[in-house]
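Take a look at the structure set out below.
The values are calculated or read from the model by the stated rules, or taken from the named source; none is laboratory data. Worth saying up front: this structure is predicted, and the values here are computed from it rather than measured. No Cβ is skipped: glycine too gets one built from the backbone with ideal geometry, and neighbour counts run over all protein chains shown. Calculation scope for accessible area: heavy atoms of the full protein, side chains included, ligands and nucleic acids excluded. Shrake-Rupley method; radii C 1.70, N 1.55, O 1.52, S 1.80 Å.
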2 protein chains.
Amino acid sequence: MIIIKIGGGNSINIEGIISDLAGIDGPYVIVHGANALRDKLAEDLGQPKQVLTSVKGYTSVYSDEKLLDVMMMAYAGLRNKRIVELCHRHGINAIGLSGLDGKMIRGKRNQGIRVYQGKKLKIVRDFSGKPQSVNAPLLHLLLDHGYIPVLTVPIIDEHNAAINTENDDVVRVLQKALGADTVINLIEAPGFLASKDDENSLIKNIPASDLEAREQQVEGRMKRKMLALKKLYEQGATRIIISDGRAEHPLTDALAGKGTVIA
Amino acid sequence: MIIIKIGGGNSINIEGIISDLAGIDGPYVIVHGANALRDKLAEDLGQPKQVLTSVKGYTSVYSDEKLLDVMMMAYAGLRNKRIVELCHRHGINAIGLSGLDGKMIRGKRNQGIRVYQGKKLKIVRDFSGKPQSVNAPLLHLLLDHGYIPVLTVPIIDEHNAAINTENDDVVRVLQKALGADTVINLIEAPGFLASKDDENSLIKNIPASDLEAREQQVEGRMKRKMLALKKLYEQGATRIIISDGRAEHPLTDALAGKGTVIA
């Protein structure tokens, strides 16, 4: 079982990824982002996103009701349905679902994010949270009948409200539920870079024992990503590949070990 | 088996409909629109919709690639996911799908719409078409496992492209595939009106034999709707109710026979 995470950047070669996918044997599950699309849509609608930085240094998007509306449009709407369409064009029997559908991905809403406003500590509550579990029976029902799930945010919280969450965390609960051995993360970089703006500083292998130290070296969004990868490894993914989603054949490259391999 | 079609107007009381739904026994399938939302989004994004009127007098929205993008956002994204969320809040185990997902609704792309441009006859081709069939095995798979399908456009054409279609036509192929006896159409009016701007001119019953004559009396979008209703009746729906989606209890009212009953 493979989990393929498609990043939400503008330059991700989605067509190349889906074309590659058509050549591999299943089963697999796709999880995709759409952050660039969401940000553009929010801008176009005159409600640009706000980013919160927690006191621990993790950044997240302030997810009020309007932002959730935009996410439903960008992730569960446009991006999800265009990926599903592309899959069918390549003979992949895709079915696109948000975490709300059939309660596919259940989470717990954040109690509040501790942020500094100037020098004042403030607790901000929004529609965001952490995924806790996936609807494994529904996933297996679909997979067993030949459907490829194409999953995305939002997810559903303990009070049945739509909440935003990090796709890296979605991948983590998904990997656990499915016992997926391989997780492929297609991003807008050649892989994990020693210095974040230098594409020539690709680190080809990261021993799992180094993940904690790596997490300390990075900041913001990447910090959260390293934490998610560490958890992923700890819970049993034996092959984690971070590879270039912008390449002509992103998935073929990744499966050939291009990019960063964590083992 | 009941099919509930929720209109896409601004004043439809979706909360009331879903709350009513929680009180009725299944099985049922929901089909919903989002045309007001789509139009507003298209406006906000600076790409207002264009309406085509065919030489036969039927109107339709010119569905180019950008309009399809907007539809994916409005119908399959925002409206679909908020309805699914609302369902779960009321204990209804909903799963939202566009016609693309698992090829749920397959159609045939229009060869072209014959329109007059000034006095010149022109054929305009876009991403629109007619639904031909539904994926009944997938529908039954979901229904049999306790999921309530919440369906919407776009649908998928014979070349696996996303196309726009009329939800009335979707309801028709769905009714046929499921052998649904009851179809409830919740709109922004008390039912079918003798004179379209007079809400007091409700026609409480339309004998099926009158449907053809009614079709000739109306224009534009309503003309297409009457045609769809006639076909629906001809293929075996024994109870078609057109009722007020703006009421406090739209569905309870409809099931009690308020609105227009076609039989």
If residue A:58 satisfies all but one of (1) modelled with pLDDT of 95 or more; (2) under 19 Å from the mean Cα position of the chain (by Cα), what's the number of the condition it fails? (1)
Yes or no: residue B:119 over 26 Å from residue B:22 (Cα atoms), open to solvent by 20 Å² or more (accessible area, probe 1.4 Å) and more than 9 Å from chain A (Cβ to nearest Cβ)? yes
Being among the charged types (D, E, K, R) and part of a helix (DSSP H, G or I) is the filter; apply it to region B:25-53 and report the residue that is surrounded by the fewest Cβ atoms within 10 Å (Cβ to Cβ). B:43
For region A:115-140, which positions are in a strand (DSSP E or B) and either among the aromatic types (Phe, Trp, Tyr) or over 22 Å from residue A:159 (Cβ atoms) (or both)? A:115, A:116, A:117, A:120, A:121, A:122
State yes or no: is residue A:253 among the acidic types (Asp, Glu), at pLDDT 95 or above and either part of a helix (DSSP H, G or I) or under 18 Å from the mean Cα position of the chain (by Cα) (or both)? yes
Given the residues B:22, B:76, which is the only one that is within 28 Å of residue B:255 (Cα to Cα) and open to solvent by 10 Å² or more (accessible area, probe 1.4 Å)? B:22
Output the qualifying pairs, or none if there are none: Cβ atoms under 6 angstrom, residues six or more apart or on different chains, first residue in region B:87-110 and among the charged types (D, E, K, R), second residue assigned to a loop (DSSP other than H, G, I, E, B). B:89/A:160; B:103/B:135; B:108/B:158; B:109/B:157
Residues located in region A:118-153, provided they are in contact with a Gly (Cβ under 6 Å, 6 or more places away or on another chain), in contact (Cβ under 8 Å) with a residue 40 or more places away in the chain and not β-branched (Val, Ile, Thr): A:131, A:132, A:147
Lone qualifier among A:56, A:66 - being more than 10 Å from chain B (Cβ to nearest Cβ) and outside any helix (DSSP H, G or I): A:56
Considering only region A:91-107, I want to know if a residue exists there that is in a loop (DSSP other than H, G, I, E, B), surrounded by fewer than 16 Cβ atoms within 10 Å (Cβ to Cβ) and at the interface with another protein chain (Cβ under 10 Å from one of its Cβ atoms). yes
Quick count over region A:136-156, residues being farther than 10 Å from residue A:31 by Cβ and open to solvent by less than 10 Å² (accessible area, probe 1.4 Å), is 6
Among the residues in region A:3-22, are any over 21 Å from residue B:159 (Cβ atoms), at pLDDT below 95 and outside any helix (DSSP H, G or I)? no
Top-ranked residue in region B:1-18 [being in contact with a Lys or Arg (Cβ under 9 Å, 6 or more places away or on another chain) and among the small types (Gly, Ala, Ser); ranked as most open to solvent (accessible area, probe 1.4 Å)]: B:11
Is region A:170-188 home to any residue that is touching a Lys or Arg at 6+ places or on another chain (Cβ under 6 Å), in a helix (DSSP H, G or I) and within 24 Å of residue A:245 (Cα to Cα)? yes
From the residues in region A:196-234 that are open to solvent by less than 50 Å² (accessible area, probe 1.4 Å) and in a loop (DSSP other than H, G, I, E, B), which one is nearest to residue A:263 (Cα to Cα)? A:203
Would you check which residues across region B:69-90 are facing chain A (nearest Cβ under 8 Å) and out of contact with any strand residue (DSSP E or B) (no Cβ under 8 Å at 6 or more places or on another chain) and list them? B:69, B:73, B:74, B:77, B:78, B:89
For the structure I just gave you, tell me whether residue B:75 is aromatic (Phe, Trp, Tyr) and over 29 Å from residue B:232 (Cα atoms). no
Just the residues that are of a type in the set (D, E, K, R) and within 14 Å of chain A (Cβ to nearest Cβ), please, taken from region B:158-196. B:158
Counted residues, region A:93-102 - those being touching a helix residue (DSSP H, G or I) at 6+ places or on another chain (Cβ under 6 Å) and farther than 14 Å from residue B:77 by Cβ: 3
For region B:162-195, name all the residues that are within 19 Å of residue B:59 (Cα to Cα), open to solvent by 10 Å² or more (accessible area, probe 1.4 Å) and β-branched (Val, Ile, Thr). B:165, B:187
Which listed residue, of A:39, A:44, is of a type in the set (Asp, Glu) and out of contact with any helix residue (DSSP H, G or I) (no Cβ under 8 Å at 6 or more places or on another chain): A:39
